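**Student:** I have a structure I would like to understand better, so I am pasting it below and will then ask my questions one at a time.
The values are calculated or read from the model by the stated rules, or taken from the named source; none is laboratory data. Being a predicted model, the structure only gives us computed values, none of them experimental. Cβ sites come from the backbone with ideal geometry, for glycine too, and all protein chains shown count toward neighbours.
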Amino acid sequence: MRLSRYFLPVLKETPAEAQIASHRLMLRAGMIKQSAAGIYSWLPLGFKVLKKIENIVHEEQQRAGHIPMLMPTLQSADLWRESGRYDDYGEEMLRITDRHGRDMLYGPTNEELITDIFRSYVGSYKDLPLTLYHIQWKFRDEIRPRFGVMRGREFYMKDGYNFDLTKEDALHAYNRHLVSYLRSYERMGLQAIPMRADGGPIGGDYTHEFLVLAETGESEVFYDSEVTDLTFGDREIDYDNVEQCQGVLEEFTSRYARTDETHEEALFNEVPEERRRTARGIEVGQIFYFGTKYSEAMNATVVNDKQERVPVHMGSHGIGVSRLLGAIIEASHDDKGIIWPEGVTPFHVGIVNLKQGDDEADAACEALYKSLTALGLDPLYDDRKERAGGKFATMDLIGLPWRITVGPRGLKNGVVELTCRKTGESEELSPELAVQKVAEIYAGI
Ligand code: P5A
């Protein structure tokens, strides 16, 4: 993309309404624009990152054997009356009446809708196990939407639902989700720690939240510092292997790590004092096992091998896709702007032409742009007639992990400059080597 033809409405001033870095930076970098309290338009740069995150989630869900689909945002109230949650959900549910006077709602989550789909088509244990998921907008009429996309009213969520014959099978589905979530967050450059949590309005007492540690996080968390040493890495996992998935659960959840809702001071005090930590965290996902809560209320049953009709065991699993942008920025920024992890960056590399209009510099930038694109990379070429300082400031603000700077002086010696956004370190190399290096960096991502 050439910046002169892109739509990147960066702001010079710091918006007064933004209280935390990620919100400020998303507004300043022209990623989002508020349309109403807690509701945002995703401008091209923000949309690009949103799609990158969504794509990682899709890949990791499908790697785990979960099946993508799409359900609507608007739902009929009838299903929620069946489960008993229509009244329970309270003011957070946005209720709508259509022209025929039918009660509708903008879905805050989809347990009811998916259970209805399941019971309409599945009747035998032979069709299990089954995990369906979608990535769709949700609406929760939060009393205090704040911090931009972090606590929105309309937000983008991946929500998955498993249907199993037995509790054991459903717990395997739970473990599969835990593994796939760990992988997903790491690919986004994040450490998200699974912590024992509370079921809230979704229900179930077996649930973990995934938290990214950050001072601006809304949850208070208590943990054994050893949990921050754990990484999933690129180990191979067989998602059908029950013991392997259970092993990962034990590895990542056996130490003390809890949100304030489930915190137990006495248990926490058993952790050696030097390892006890109290901090704040951003909840970027939650997984639940809730047994037959919805299947019994909504009559979602299958016939087992003894010809008995039994309710299925279920769980649901959510990732806050739009919230993740905020969480990633909270975890990775400096006073100049965002620093995108390579896995989610909107463009792989920026090209800064120090002297637009200079034949040699223009030609070198064009050549770089072509070679990078030919390798399947996605560069952002700042081809505007602007001061070098302004171009650098924009690149730093929007946070591309790598920048190639091209100017007449370097070109005389046959070199361009490759700069790492995170460390600020630069090296001079030939344009060919710079392209090769960028390609190598992204080869495994
Ligand atoms: C699991 C999937 C559920 O809704 N039902 C379907 C279960 N879980 S949850 O924890 O309530 O939400 C899942 C994740 O969505 C994100 N999230 C939000 N993001 C932005 N703004 C909000 N107002 C908001 N509410 C929830 C969180 O990341 C949460 O973990």
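**Student:** I need a count of the residues in region 205-220 that are more than 10 Å from the ligand (Cβ to nearest atom), under 21 Å from residue 186 (Cα atoms) and either free of Cβ contacts under 8 Å to residues at least 40 places away in the same chain or touching a Pro at 6+ places or on another chain (Cβ under 8 Å) (or both).
**Tutor:** The total comes to 1.
**Student:** Can you name every residue in region 73-111 that is within 30 Å of residue 179 (Cα to Cα) and in contact with a strand residue (DSSP E or B) (Cβ under 8 Å, 6 or more places away or on another chain)?
**Tutor:** Scanning region 73-111 gives 73, 107, 108, 109, 110, 111.
**Student:** Moving to a separate point now. Quick check on my filter: what residues within region 134-184 are in a helix (DSSP H, G or I) and within 11 Å of the ligand (Cβ to nearest atom)?
**Tutor:** Our first condition is that a residue be in a helix (DSSP H, G or I); within region 134-184, this holds for 148-150, 167-184.
Hits for region 134-184 are 148, 149, 150, 177, 181.
**Student:** I've got another one for you. Of all the residues that make up region 259-293, how many are farther than 15 Å from residue 200 by Cβ, outside any loop (DSSP other than H, G, I, E, B) and either within 16 Å of the ligand (Cβ to nearest atom) or not acidic (Asp, Glu) (or both)?
**Tutor:** Quick first cut of region 259-293, residues farther than 15 Å from residue 200 by Cβ only: 263-282, 284, 291-292.
Okay, now just the ones that are also outside any loop (DSSP other than H, G, I, E, B), so 265-268, 273-282, 284, 291.
Filter once more, keeping what is either within 16 Å of the ligand (Cβ to nearest atom) or not acidic (Asp, Glu) (or both): 266-268, 275-282, 284, 291.
Summing the residues that are farther than 15 Å from residue 200 by Cβ, outside any loop (DSSP other than H, G, I, E, B) and either within 16 Å of the ligand (Cβ to nearest atom) or not acidic (Asp, Glu) (or both) in region 259-293 gives 13.
**Student:** Please specify each residue of region 211-225 satisfying the condition of being touching a helix residue (DSSP H, G or I) at 6+ places or on another chain (Cβ under 6 Å) and closer than 14 Å to residue 194 by Cα. Spell out how you get there, then give the answer.
**Tutor:** Our first condition is that a residue be touching a helix residue (DSSP H, G or I) at 6+ places or on another chain (Cβ under 6 Å); within region 211-225, this holds for 212, 214, 216, 222, 224-225.
Of everything in region 211-225, those that are touching a helix residue (DSSP H, G or I) at 6+ places or on another chain (Cβ under 6 Å) and closer than 14 Å to residue 194 by Cα turn out to be 212, 222, 224, 225.
**Student:** Also, I was wondering about something else. Look through region 3-40, keep the residues that are hydroxyl-bearing (Ser, Thr, Tyr) and surrounded by fewer than 21 Cβ atoms within 10 Å (Cβ to Cβ), and return whichever of them is nearest to residue 382 (Cα to Cα).
**Tutor:** Taking region 3-40 and keeping what is hydroxyl-bearing (Ser, Thr, Tyr), we get 4, 6, 14, 22, 35, 40.
After this cut, where a residue has to be surrounded by fewer than 21 Cβ atoms within 10 Å (Cβ to Cβ) as well, the list is 4, 6, 14, 35.
On the way: 4: 7, 6: 10, 14: 23, 35: 29 Å.
Checked region 3-40; the qualifying residue nearest to residue 382 (Cα to Cα) is 4.
The rows are residues; the columns are (1) of a type in the set (A, V, I, L, M); (2) assigned to a loop (DSSP other than H, G, I, E, B); (3) free of Cβ contacts under 8 Å to residues at least 12 places away in the same chain.
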{"position": "302", "(1), (2), (3)": "yes, no, no"}
{"position": "316", "(1), (2), (3)": "no, no, no"}
{"position": "324", "(1), (2), (3)": "yes, no, no"}
{"position": "328", "(1), (2), (3)": "yes, no, no"}
{"position": "342", "(1), (2), (3)": "no, yes, no"}
{"position": "360", "(1), (2), (3)": "no, no, no"}
{"position": "367", "(1), (2), (3)": "yes, no, no"}
{"position": "377", "(1), (2), (3)": "yes, yes, no"}
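**Student:** On to the next question. When only residues in region 188-204 that are at pLDDT 95 or above and part of a loop (DSSP other than H, G, I, E, B) count, which is nearest to the ligand (Cβ to nearest atom)?
**Tutor:** It comes out as 192.
**Student:** Sticking with this structure for a sec: Return the pairs, sorted by first residue and then second, in which the second residue is surrounded by 12 or more Cβ atoms within 10 Å (Cβ to Cβ) and among the basic types (Lys, Arg), the first residue lies in region 420-438 and is under 19 Å from residue 369 (Cβ atoms) and free of Cβ contacts under 8 Å to residues at least 40 places away in the same chain, the beta carbons are less than 8 Å apart, and the residues are 6+ apart or on different chains.
**Tutor:** Going by the 8 Å Cβ cut-off, the qualifying pairs are 429/437.
**Student:** Need at least 3 residues that are under 30 Å from residue 337 (Cβ atoms) and in contact with a Phe, Trp or Tyr (Cβ under 7 Å, 6 or more places away or on another chain) per element, so show me which strands (runs of 3 or more DSSP E) inside region 1-111 make the cut, counting only ones lying wholly within it. So that I can check it myself, show each step before the final result.
**Tutor:** Working: elements: 32-36, 39-42, 74-76, 94-97, 103-106.
In region 1-111, 32-36 are the strands (runs of 3 or more DSSP E) which contain 3 or more residues that are under 30 Å from residue 337 (Cβ atoms) and in contact with a Phe, Trp or Tyr (Cβ under 7 Å, 6 or more places away or on another chain).
**Student:** Has region 221-242 got any residue that is among the hydrophobic types (A, V, I, L, M, F, W, C), in contact (Cβ under 8 Å) with a residue 12 or more places away in the chain and in contact with a His (Cβ under 7 Å, 6 or more places away or on another chain)?
**Tutor:** yes
**Student:** Kindly check whether there is at least one residue in region 57-64 that is of a type outside the set (Asp, Glu) and over 16 Å from the mean Cα position of the chain (by Cα). Even if it seems obvious, please write down each step before you answer.
**Tutor:** Taking region 57-64 and keeping what is of a type outside the set (Asp, Glu), we get 57-58, 61-64.
Narrowing further to those that are over 16 Å from the mean Cα position of the chain (by Cα): 63-64.
Yes, the conditions are met somewhere in region 57-64.
**Student:** With the requirement that a residue be among the hydrophobic types (A, V, I, L, M, F, W, C) and either in contact with a strand residue (DSSP E or B) (Cβ under 9 Å, 6 or more places away or on another chain) or under 19 Å from residue 5 (Cβ atoms) (or both), what does region 364-382 give you? Please lay out each step first, then the result.
**Tutor:** Taking region 364-382 first, the residues among the hydrophobic types (A, V, I, L, M, F, W, C) are 364-365, 367-368, 372, 374-375, 377, 380.
Those that are among the hydrophobic types (A, V, I, L, M, F, W, C) and either in contact with a strand residue (DSSP E or B) (Cβ under 9 Å, 6 or more places away or on another chain) or under 19 Å from residue 5 (Cβ atoms) (or both): 364, 365, 367, 368, 372, 377, 380.
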